[in-house]
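Written out below as structure tokens is the structure these notes cover.
Since every read-out is calculated from the coordinates, none of them should be taken as a lab result. Nothing here was measured: the structure is a model prediction, and the numbers come from that model. With ideal geometry, Cβ positions are generated from the backbone for all residues, glycine too; neighbour counts draw on all protein chains shown.
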Amino acid sequence: MNSVEIVVPVAFFGMIFGIVVLVTYYRNKRMERMALISSGRDASIFKEEDDKAKLSSLKYGIFLVGLAIGFIVGDLMALAGSVTEWIAYISMIFLFGGVSLLVFYLIARKILKRGEQTD
């Protein structure tokens with residue numbers, strides 16, 4: 001049995017499952033907001049969640065860019081022959097992944113300080 005015969009159906013059903021979960025999550029979130037607004041309560045708690053979601057997207061974006069740079073640098077090191085291939089890939093992926101998370105921390109700290117000053 002070919003591995004493609006297994007991977008494609010699993011990926012397809014996984015994608016369908018993910019879409020259903022996301023649609024259900026956002027529909028429930030919208031219903032909660034509407035219920036808060038209709039009952040006259042303050043819906044500002046969702047603003048904080050939106051800010052956290054933006055920072056989360058920034059974190060994952062910076063992290064994935066760091067991993068991609070790690071792959072590229074690891075490949076260059078492997079082609080140069082200075083280090084064995086698997087050590088070059090793993091070390092550069094971890095190095096650039098870690099550096100990207102540190103960069104995110106510094107950016108997020110600056111953003112959060114700016115947000116506290118405006119309040």
| query | Between Ser3 and Tyr25, what is the FRET efficiency for a Förster distance of 30 Å, r being their Cβ-Cβ separation, to the nearest 0.05? | reply | 0.40
| So between Lys54 and Ala80, what do we pick up on full extension, going 0.36 nm a residue minus the alpha carbon distance? | 5.5 nm
| request: Using only Cα atoms, find the angle between the long axis of helix 45-80 and the longest principal axis of the chain, and express it within 0 to 90 degrees, rounded to the nearest 10. | output: 10
| Label points 7 Å out from Cα along the Cβ direction at Leu102 and Val10: separation in nm? | 3.7
| task | Would you work out which of Gly97, Ile37, Phe12 lies farthest towards the positive end of the dipole of the chain? Charges go on Cβ: Lys and Arg +1, Asp and Glu -1. | result | Ile37
| For the chain, built as a Gaussian network whose Cα springs stay under 10 Å, the top-fluctuating residue of Phe63, Phe12, Phe96 | Phe12
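As an exercise, identify the trypsin sites (Lys or Arg not before Pro) in the range 1-42 lying in DSSP coil whose Cβ has no more than 14 other Cβ atoms within 10 Å.
Values: sites: Arg27, Lys29, Arg30, Arg33, Arg41; in loops: Arg41.
In loop regions of the range 1-42 (DSSP not H, G, I, E or B), the sparsely surrounded trypsin sites (Lys or Arg not before Pro) are Arg41.
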| query | Taking Cα atoms, how many degrees apart are the long axis of helix 3-38 and the longest axis of the chain, rounded to 10 and kept between 0 and 90? | reply | 30
| query | Which residue, Val99, Val21, Val83, tops the fluctuation ranking in a GNM of the chain built on C-alpha contacts under 10 Å? | reply | Val21
| note | Two pseudo-spin positions, 7 Å from Cα along C-beta at Ala68 and at Phe94, lie apart in nanometres by 2.4
| task | Could you state, as a whole-number percent, how many of the C-alpha pairs of the range 1-42 are farther apart than 12 Å? | result | 69
| Which value, in nm² and rounded to one decimal, describes the direction-averaged projected area of the C-alpha convex hull of the chain? | 11.7
